[in-house]
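The values are calculated or read from the model by the stated rules, or taken from the named source; none is laboratory data. This is a predicted model, so every value here is computed, not measured. Ideal geometry is used to build each Cβ from the backbone, glycine not excepted, and the neighbour counts take in all protein chains shown. Accessible surface is based on the protein model in full, side chains and every heavy atom, while ligands, DNA and RNA are left aside. Shrake-Rupley method; radii C 1.70, N 1.55, O 1.52, S 1.80 Å.
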Amino acid sequence: MLEEIAPEMLTEEGGERKRELALRNVRGNVVMRFAPNPSGPLHLGHSRAAVLNDYFVKKYGGKFILRLEDTDPKRVLPEAYEMIEEDLEWLNIEVGEKVIQSERMEIYYHHCERLIEMGHAYVCQCDPEEFRRLKNQGIPCRCRERSVEENLELWERMLDNSLEGAVVRLKTDIKHKNPSVRDFPIFRMEDTPHPRTGDRYIVYPLMNFSVPVDDHLLGITHVLRGKDHIVNTEKQRYIFQYFQWEMPEYIHYGILKIEGTVLSTSKMYQGILKGEYRGWDDPRLGTLRALRRRGIRPEAIYRSMLEIGIKPADVKYSWENLYAINREIVDKDAKRFFFVENPKRLKVLGAEPKTVYLRMHPDRDLGTRELPFEGEVYISDDLEVNKMYRLMELCNIVVEKIEGDVVYARYHSEDFRILRRKRGKIIHWVPVKDAVKTVVVDTEGRERPGFAEKDFRKVDVDEIVQFERYGFARVDEKRENGELEIICYFAHK
RNA sequence: GCUCCAGUGGUGUAGCCCGGCCAAUCAUGCGGGCCUUUCGAGCCCGCGACUCGGGUUCAAAUCCCGACUGGAGCACCA
C-alpha cells in the first residue's frame, strides 16, 4: 500500500509545515473515476472516495469521471442516478464526464467475445454448487475444455436467451490459493428488467469484467477503492494481462465507520421501506442529504475526508471531529437567537417593561434583534426557589415560588456583576408575546417543541443559526397555517 | 476455518518505505484559567499514545519473527 501512495509529504511553505496527500506514479494529468452503484444517494462512506478523487484531480490536473455501475438490475434504484449527481454537486465536485455502464453493454459483449476467441474465457453451464465443489478442490469443470467455436456458439445462445443459467468464466488459475479467484465468472444471465434498459439485455457483465474494461477504455490512471476490493483487483489483473493493457494504480483504503451510524445503502433503504426512517434525509442516517438537512456544510465533509486520507487501516471516525470542523465554518455566519425547549412560563414581579436590543452575532455585525420584555417570558431551565438568576442581557431575578409550569420571581437588580457575586446562573428567555412556535428535530429524529424569540420569524429557510446555549441548527421549513411554526434540524453544540 | 490487510493518546492524523534530529506532530476531546452577560468564538496552561513479547543494531514507533487484537474477502452483488 505504502509503495503506491505517499500519504504525507512535509513541505516547507512560508515557514509553515504543511501536510499533503499525494499519489504515486503521476505522469502528467490524472484520470480518476468515482464509481458508485446507483442503489441510493451518497453517504459519508462514498464521500471519502468522491472527495479524494476530486482532490487529486484538482491537485494534479485531469479528469473526474462519474461512472454509474448499474450492471445488476436487481440493485438499481431509478432515482439514485439523479441523487448521486445532486450529492456530488452539493459537495462542489465537478464531474468531467459521466458514464453509465448499462449503456455500454455492446462494448462489454465485444470484449467478452475477444476473450473467448483468445481462449481465455468459456461458457460454463455447471450447476453453481457443483462448480464450487470442484473449484474448491482445484479441479476444472468439463466446460473448461470446450473449443473456441463451441464457446462462441454457446455465447450467442446466451445472448439469444436460449440457454438457461449459463455464465461466462475467465480462465485464471484453477489452483489459485484464493478459491474465489479460480475461474471467476464474468458474465451472467439475469431476466429481471433493468430500470433503464428494460428487457433489452439478458446477459450482464459482472463487475470484475466491466470494471477493468472501463478503467482501461476510459484511460483511468489511478483508482481509489475500499480494501474490500483487494481480491477484486487481483481478479481484474487477469483481464488486463489477457488484453495486454497497462494497469492503472489501484489504491485501497481502509473501511470507514462512524460511531453509531449505519453506512449501508441497503440497510438504510430497508429501514425506509419499513417506515423506521422518514426518508433518505432522515437525521439519523449518514447520507449526505441527511447531513445537509442538519446544517453540516459540504466543506466540512470535504475537509474531514481529506483529514482521514487514504491509509489502509480501518477508521472509526467520531462525529466530534466532523462537528468541530463544521462549527468553525458555520460559526461566523450563524445568527444568534434565543430558543427555549420544554417552555415554562416565568412571571417577573416588580420589573419595569423594557426592550433590549441584542446583536445577531457577538463578534460580527449581522444586525440586531429586539426582545420586548413585559414581565412574562418563557424559560426552559429548572429553577429553584430563593435562588438568583439572570435573564440574559436583561436583569437579575429571585425565584419566589413555582406552581406547576409557572414560575414566579421578583425583580432584583440590573447589574450582572451582582449575579456574578452571588454565583447565580444566566438563563436565556423568550417574551411570551409574539414568541415564535419552533420545533427542533434532534439527531435522533425526535421533535423538540419550544419557542423562539419574535425576530426569529425573519430567518430564511436553509439558514444555519445558533440557538444560544443550545447549539447550531438549520432552518428547514416555515409553516404558515394560521400560526407560524418554524421547523429546524439540530446540527451540533 | 482459509486467504489477505492493518495495529501511534477517547477520536482522527503526522512520523514508518530511507533506524538516531521522536522523552513522538497537528487537530479534536477532556480538565483548569482568562475573556465574553451563550454551554459559540478567541487566548493561555494542562491531561493523554508508539498492542505485547522476542530478535537485529552502538541505536527501533521505524527493520525481522511470533503472539494478540481489529478488519476485509472467501457470490451467477458492487
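Before moving on, here are some points about what is shown:
- Any hit, region A:457-474, residues being open to solvent by less than 70 Å² (accessible area, probe 1.4 Å), over 30 Å from residue A:387 (Cα atoms), at pLDDT 95 or above and more than 16 Å from RNA strand B (Cβ to nearest atom): yes
- Enumeration of residues in region A:361-382 that are surrounded by 17 or more Cβ atoms within 10 Å (Cβ to Cβ) and hydrophobic (A, V, I, L, M, F, W, C): A:371, A:373, A:377, A:379
- For region A:141-180, residues that are within 15 Å of RNA strand B (Cβ to nearest atom), assigned to a loop (DSSP other than H, G, I, E, B) and closer than 27 Å to residue A:234 by Cβ total 10.
- Scan region A:323-337 for residues that are more than 6 Å from RNA strand B (Cβ to nearest atom) and either assigned to a loop (DSSP other than H, G, I, E, B) or in contact (Cβ under 8 Å) with a residue 60 or more places away in the chain (or both) and the total you get is 8.
- Filter pass, residue A:26 being at pLDDT 50 or above, more than 10 Å from RNA strand B (Cβ to nearest atom), of a type in the set (Val, Ile, Thr) and part of a strand (DSSP E or B): no
- Residues of region A:101-135 classified as part of a helix (DSSP H, G or I) and either open to solvent by 90 Å² or more (accessible area, probe 1.4 Å) or at pLDDT 95 or above (or both), total: 19
- Hits in region A:29-64 (condition: assigned to a loop (DSSP other than H, G, I, E, B) and within 14 Å of RNA strand B (Cβ to nearest atom)): A:35, A:36, A:37, A:38, A:39, A:40, A:42
- Scanning region A:271-317 for residues that are more than 10 Å from RNA strand B (Cβ to nearest atom), part of a helix (DSSP H, G or I), surrounded by 16 or more Cβ atoms within 10 Å (Cβ to Cβ) and in contact (Cβ under 8 Å) with a residue 60 or more places away in the chain yields A:288, A:289, A:291, A:292, A:293, A:298, A:301, A:302.
- Residue within region A:255-270 that is in the same structural domain as residue A:83 (by TED's automatic domain parsing), more than 14 Å from RNA strand B (Cβ to nearest atom) and open to solvent by less than 50 Å² (accessible area, probe 1.4 Å) present: yes
- Flag for residue A:236 being closer than 30 Å to residue A:308 by Cα and either more than 10 Å from RNA strand B (Cβ to nearest atom) or outside the structural domain of residue A:74 (by TED's automatic domain parsing) (or both): yes
- Hey, residue A:223 open to solvent by 10 Å² or more (accessible area, probe 1.4 Å), closer than 22 Å to residue A:46 by Cα and among the hydrophobic types (A, V, I, L, M, F, W, C) or not: no
- The residues of region A:338-359 that are more than 10 Å from RNA strand B (Cβ to nearest atom), surrounded by 19 or more Cβ atoms within 10 Å (Cβ to Cβ) and under 32 Å from the mean Cα position of the chain (by Cα), listed by number, are A:339, A:340.
- Total residues in region A:189-220 satisfying the condition of being open to solvent by 10 Å² or more (accessible area, probe 1.4 Å), touching a helix residue (DSSP H, G or I) at 6+ places or on another chain (Cβ under 9 Å) and near RNA strand B (Cβ under 9 Å from one of its atoms): the figure is 4.
- Residue within region A:70-79 that is open to solvent by 10 Å² or more (accessible area, probe 1.4 Å) and free of Cβ contacts under 8 Å to residues at least 24 places away in the same chain present: yes
- Residue satisfying all of: in region A:241-254; free of Cβ contacts under 8 Å to residues at least 60 places away in the same chain and either of a type in the set (S, T, N, Q) or more than 26 Å from residue A:308 (Cα to Cα) (or both); farthest from RNA strand B (Cβ to nearest atom) among these: A:244
- Wholly enclosed strands (runs of 3 or more DSSP E) of region A:417-493 bearing at least 1 residues touching a residue at least 60 places away in the same chain (Cβ under 8 Å): A:436-441, A:447-452, A:464-467, A:471-481, A:483-492
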